[in-house]
Amino acid sequence: MKISLNEIKKLVKIPENVSDEELIKLIGARLVEVEGSEDWSKKYQGIKIVRVETCEPIPDTHLHLCEINCGKKVQVVCGAPNVHAGMFAAWIAPGCIVPETFGTAEPFEIGSRKLRGYESSGMLAAADELALGEGHEGIIEIDPEMPGVKPGASFAEVFDLNDIILDIENKSLTHRPDCFGLIGFAREVAGILSVKFNEPEIDLNSNVKSELKIIIEDADLCARYSCAVLDFKDEPHFKYFTPDDVFLIKADMRPISKIVDITNIIMLKTGQPLHAFDYDKFVEVGEGKEPKIIVRAAKNGEKLELLDSKTIECDENDILITSNDVPVALAGAMGGKNTEIDDNTERVILESATFSLYHLRKTQMKHGIFSEAITRFTKGQPAGQTLGVLKEAVKALGTEPVELADCYENPVKVPDIEVSVSEINGLLGTNYDEKLIVKTLENVGLVCDGKEKLKVKIPYWRTDLHIKEDIIEEVGRLLGFDNIPLDFPTRPFIGAKEDKMLELKNRIRDILSDRLNAHEVLTYSFVSKALQEKFGEEPKDSYEIVNSISPELQCFRQSITPSLLEKFQENQKAGYKDFALYEINQVAKKSDGLNNEGVPVMKTNLALVTSGDFYQAKAFAVELLKELNVQADAKIQTVKNSTLRKFKLEGPVSYFEITLDDFLDALDEVKTKTLRFSRFPSVSRDITIKLDKNTPYGNVENALKGALEDTGLIYKIEPVSIYEPKENPENTKNLSFHITMSSSVKTLNGDEISDIMDGITSKTIKTVGGEII
């Protein structure tokens, strides 16, 4: 977004002790990131306004020999078809750089030379040569009645080109629709400089009576729709090059026609986009005697040819302006070809409305429309200004409305916010007095009542202020966070309250990661509907994100397992086998309802996915719950073959997912354990026991632990696999374990290790039966 510093200065009285450089720095520190700035004053040095005194054609050429008055008489040869005696034009004097080439690798300096035998000094310039447009069909012509226009006057001074243009990174202003207009931006600059902002007078009186029919089918799609009917004959472009042209060009827009230019200028000043329809075409499309404006959601597959001659296919996320239900515009984005203004237009409908920013974001991405208008609409332009801005546009067009209409059935009521001076200072760590706080807030249009306890009235354009913390932040930002003393807050030393859930998560990580060698991952909490359907979940039970940045991140997930299966497949594809992934995170679904604050019930879940069948996941679950000393149903599942195919997984894969909130209160307090360490090398051995398939896994593991305890060694037991053959007449299974052990007093030799393993196996077999294989 481009912002003219001169336009800001017209609206705000900048203190004399604040230089342009300091002002730009303050804007960057307290309002928005300034990506760069361009000083235009050097570009137009030496360019003069001149009057063409005489203009004679040079025989057998398209050239003219002109005598111009720039305060003195100068001869210039000009090839423009529109040059004529008596006109005022822009003259680039010898020694000046052509603005079009200024700042490039090859700047072109104008000189004096002979053309067709005639001496020519400098050049009369076209808009493109002045870097003030794309037109090269002729030189620019300047209105002789314009203030300051006289032979020899500075072109830059008359057209306000001694300016600095700021390049604003507008992503950081997404929550501030008011700052997408010069008035709102200037208001913020006034606040930053601690000077009062004089609000431009805009007639916000909504007492409008009209017989024009406006129907808004859903106020969530369009909160307000205002329009005016005008008798108006458009002009392709003004005859003269004007300051309005320069205003648009500074904002990186181009002049098009009178009505388009005026509506664009109003939009740039107020932030409110406008659109004009041909009245007669509008009525004809709707097959009526007068306009009937209906604003509604588009139907899937509905088509509309836009002004750029592109035909789009709509869906239910698009909003349409219709004439008696026939589409004539893609709301907030672009008008339709069927109501385009042309040379035959004699009456127009001028629209000023506000539309759902969430729907328009989807429209913008779906149809690839990134105009200045939709950019502003997707920030949420306030409904409070549509009618007032419309009246300003009508006034700027120099006409009176035939009819003025306004549909605003549910006016937005902005509640006051109460905050005390002590709360402001307490949170910011400052010692601002009430007078300074009130002045700071009122400089940007907020109204404060009360003394210590302030009641702050929020103006319609501040759609970002909702709670007292917003007001506190506003005070800190405007007065400068960098001005807050760097002191530690004075607070009592009170220990933080124990967070049971955090403690539980840490215990789970210790068990799964450190003891059972599972790997923790962190995945997005937002997932696609396609992923949920692939896992067998019902997307309708998910909370959908209305302004999701991607179709892959449109639903808040109901469970963690689908995300883990995606990551499991990626690891399998990378060549990893025999591993386990787990994640601890929040989930929510509509069927769980809302809490007492009216927001979705959030649950904290643990999900684990592992290579292997049901018993492999069960081994993880049993060990985890035993260590936590809780009773819970882990709902262990083996991934079905159909699901394996959908996720492109190599089976078998099993998983479980449990809700930690369910047994949080039942947890024993963390017991302090003395961990034994050894400075001597450890040894590892694998053991496989073949035994009756009905023997519980836990019994075998406990028998092994008992045998190892008797050795006095430091040990660790890890499950490896559970194998049961498909054809199993003996009704047996094989349980494999990995044992790591070490002595706390010496290094174990081979004979000692053999004796220890013999003792362990014989004691285990004696306890649970079976045989070592």
So what are region 455-562's ellipsoid semi-axes, whole angstrom, largest first, if each one is the square root of 5 times an eigenvalue of the alpha-carbon gyration tensor? 39, 29, 13
Rounded D (µm²/s) - region 312-429, Kirkwood Rh over Cα pairs, Stokes-Einstein at 20 °C, 1.002 mPa s: 124 µm²/s
Per-residue counts of other Cβ atoms within 10 Å, averaged by peptide: what ranking do you get for 337-344, 126-133, highest first? 126-133, 337-344
Per q in 0.16 Å⁻¹, report the Debye log10 I(q)/I(0) for region 112-245, using one uniform scatterer on each alpha carbon and no solvent. -1.22
Would you mind checking the pairs K497/K705; K379/K646; K2/K439; K529/K618; K567/K618 and listing those with alpha carbons more than 27 angstrom apart? K497/K705; K379/K646; K2/K439; K529/K618
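With 14 Å as the cut-off, how large is the P(r) tail for region 349-395, expressed as percent of Cα-Cα pairs?
For region 349-395, the fraction of Cα-Cα distances above 14 Å is 54 percent.
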Considering only protein heavy atoms and a 1.4 Å probe, what is the carbon-and-sulfur percentage of the accessible area of the chain? 48 percent
Compute the separation of the alpha-carbon centres of region 143-207 and region 343-416 and state it in Å as a whole number. 20 Å
Once each part is reduced to its C-alpha centroid, what is the distance from region 709-753 to region 84-107 in angstrom? 90 Å
Relative contact order for the chain using alpha-carbon pairs under 8 Å, separation at least 6, rounded to a whole percent? 9 percent
Counting Lys and Arg as +1 and Asp and Glu as -1, each charge on the Cβ, what is the dipole of the chain about the Cα centre in debye, to the nearest 20? 1800 debye
Taking Rg/Rh (Cα atoms, Kirkwood Rh) straight from the coordinates, which label in (1) 0.97; (2) 1.23; (3) 1.14 is the correct one? (3)
Starting at 0 and stepping by 10 Å, how many percent of the alpha carbon pairs of region 199-295 end up in each bin? 12, 34, 35, 17, 1
How charged is the neighbourhood of N694? Take every other residue with its Cβ under 13 Å from the Cβ of N694, and add Lys/Arg as +1 and Asp/Glu as -1. -1
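Tell me the trypsin sites (Lys or Arg not before Pro) within region 6-56 that lie in a loop according to DSSP and have at most 15 other beta-carbon atoms within 10 Å.
K13
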Which of the peptides 689-701, 195-207 is most tightly packed, and how do the rest follow, going by the mean number of other Cβ atoms within 10 Å of each residue? 689-701, 195-207
Residues of type lysines that K310 reaches as a straight line, Cα spacing below 17 Å, ignoring anything fewer than 8 places off in the same chain: K337, K366
For the chain, dividing by residue count, accessible area per residue (probe 1.4 Å) in Å² works out to 51 Å²
For region 513-601, what does the alpha-carbon gyration tensor say about shape, rounded, prolate or oblate, given a ≥ b ≥ c as the root eigenvalues, a/c under 1.5 as rounded, and a/b over b/c as prolate? prolate
Loop sites in region 349-392: chymotrypsin sites (Phe, Trp or Tyr not before Pro), DSSP, at most 16 other Cβ within 10 Å: F370
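Rounded, prolate or oblate: pick one for region 538-683, where a ≥ b ≥ c are the square roots of the eigenvalues of its C-alpha gyration tensor, a/c under 1.5 means rounded, and failing that, prolate if a/b is larger than b/c, else oblate.
Cα axes put region 538-683 in the oblate bin.
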Suppose only helical runs count, i.e. DSSP H with n ≥ 4. What mean residue ellipticity at 222 nm does that imply for the chain under -39500 (n - 2.57) per run, divided by all residues and rounded to the nearest 500 deg cm²/dmol? -8000 deg cm²/dmol
Around V52, what is the net charge, scoring Lys/Arg as +1 and Asp/Glu as -1 over all other residues with Cβ under 12 Å from its Cβ? -2
In region 238-276, the trypsin sites (Lys or Arg not before Pro) that sit in a DSSP loop and have at most 15 other Cβ atoms within 10 Å of their own Cβ are K239
When each of K303/K534; K362/K540; K626/K690; K209/K281 is checked by Cα-Cα distance, pairs over 30 Å: K303/K534
Keeping all protein chains in the complex and leaving out DNA, RNA and ligands, what accessible area do you get for Y576 with a 1.4 Å probe, in Å² to the nearest 10? 140 Å²
Rounded to the nearest 20 debye, dipole of region 618-773 from Cβ charges on Lys, Arg, Asp, Glu: 400 debye
Output for region 628-773 (equivalent-ellipsoid semi-axes, sqrt of 5λ from the C-alpha gyration tensor, Å, descending) is 31, 24, 16
Once all protein chains are kept in place, T767 shows an accessible area at probe 1.4 Å, nearest 10 Å², of 100 Å²
Expressed as a whole number of Å, what is the distance separating the alpha-carbon centroids of region 476-517 and region 602-635? 28 Å
Environment charge of G612, counting only residues whose C-beta is closer than 11 Å and scoring Lys/Arg +1, Asp/Glu -1: 0
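The values are calculated or read from the model by the stated rules, or taken from the named source; none is laboratory data. Everything numeric in this text was worked out from a predicted model, so none of it was measured. Positions of Cβ are backbone-derived with ideal geometry, glycine not excepted, and every protein chain shown enters the neighbour counts. Heads up: the accessible areas ignore ligands, DNA and RNA and are worked out on the full protein's heavy atoms, side chains in. Shrake-Rupley method; radii C 1.70, N 1.55, O 1.52, S 1.80 Å.
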